[in-house]
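Okay, structure first, notes after.
Values quoted throughout were computed directly from the atomic coordinates according to the rules given, and no laboratory measurement underlies them. Quick caveat, the model's predicted, so the values are computed rather than measured. FYI the Cβ positions are ideal-geometry reconstructions off the backbone, even for glycines, and counts take in every protein chain you see.
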Amino acid sequence: MMIQYEIILFAVVTIIGGILIARRLHIRRQALNLSERLKLWDEQLSGFEPATVHKSKAVLDQTMFPASNAVGSRIELLINQSGVDMTVSTFVATATLLLIAPLILGLLFDWHMLACLVAGLVLAIAPVFLLLAKRSARRTKFVNQLPDAIDLMISILRSGHSIPQAVKTVGDESPSPCGDEFKEVIQRMNLGQPLAKALFYSCEKYQSVELDLLRRAVSIQSEVGGSLAELLDKTNSTLRQRLKLVRHVGVLTTQSKMTAVVVGLLPVFMAIGLQFLSPNYLTPLLDTQLGNILLLVAVVLQIFGIVLMRKMATVKV
């Protein structure tokens, strides 16, 4: 019976691996064909920096080869928002391997299959949480850098330079990710988009209310006229007050968030401690079918409780 399980698992892994490899080779062949047709475009971009050319090609590849379904589109958007250099196929292949690896090890070493399945699910979901964490950190860093970038733009405008020159200076002088995003904004402006329209895509990418305030200010100025530097100065003052309020709220809710983490991890540490103090105490929970079901329900409820407590401790400003 064990040999039959191993044969079936090997066949499933082989089929999945073959499908992923075939899809990867197909995408690579399409990319090579596209690259041959874009040699003239590469020659026109020879004066730009390599990073700029690489990002432009990545945007073009995403346009030529969009995700085939809604899930793939969401994964592609998440990867783009997190700033990770990864394709959707690579992400799916990594998650699949992380899901299958514990099951293979469980069959080879005769481990508990339910524990291996839970471990595989946790490992498969882990890349999603890593991307979410990286997206949140990148967005926070971008928002914190935005007031300084607007101050620099105001200084350039007051010195008599044009709006594209001010945006270009912000892109060159500001650190990543704010500088990189304003470089993309100036590329959109070079293609003929107004500043407000070029900022709209950045607002969608970072889901930033602060950047949307800047976009609305620029849009109002383009319609009614007036000094853009003065309008940006007042908008930037509002942004700084908003960021100050966000930090203050974060300090006030830190205790509630830490409580959620402690309450969530407490059962895990208690189970580990009981296993060392009394090795047979948790045996009915691990070796019986009813105990496995109760353990799985407890894990699901524990995760749900942690998420709910963090949602309750989160205050939108």
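Residue-wise HN-Hα couplings along segment 203-208, as the Karplus relation 6.51 cos²θ - 1.76 cosθ + 1.60 with θ = phi - 60° gives them from phi, are 5, 5, 5, 8, 6, 9 Hz; Gly and Pro carry x.
Show log10 I(q)/I(0) for segment 206-279 at q = 0.19, 0.23 Å⁻¹, two decimals, from a solvent-free Debye sum over equal Cα scatterers. Result of the Debye calculation: -0.85, -1.00. At a Förster distance of 51 Å, what's the computed FRET efficiency of residue 130 paired with residue 238, Cβ-Cβ distance as r, to 0.05? Step by step, r from the Cβ atoms, then E = 0.95. Taking the fewest neighbouring Cβ atoms within 10 Å as the starting point, the ordered list for 261, 84 is 261, 84.
Listed highest first by mean packing, meaning other Cβ atoms within 10 Å per residue, what order do 99-110, 263-274 come in? It would help to have the intermediate numbers written out before the result.
Working: 99-110: 15.4, 263-274: 11.8.
In descending order of packing, they fall as 99-110, 263-274.
Of 316, 234, the sequence from fewest to most neighbouring Cβ atoms within 10 angstrom is 316, 234. Across all directions, the average flat footprint of the convex hull enclosing the Cα atoms of segment 138-239 is 5.6 nm². For the listed peptides 281-289, 214-222, a ranking on the average number of other beta carbons within 10 Å per residue, highest first, reads 214-222, 281-289.
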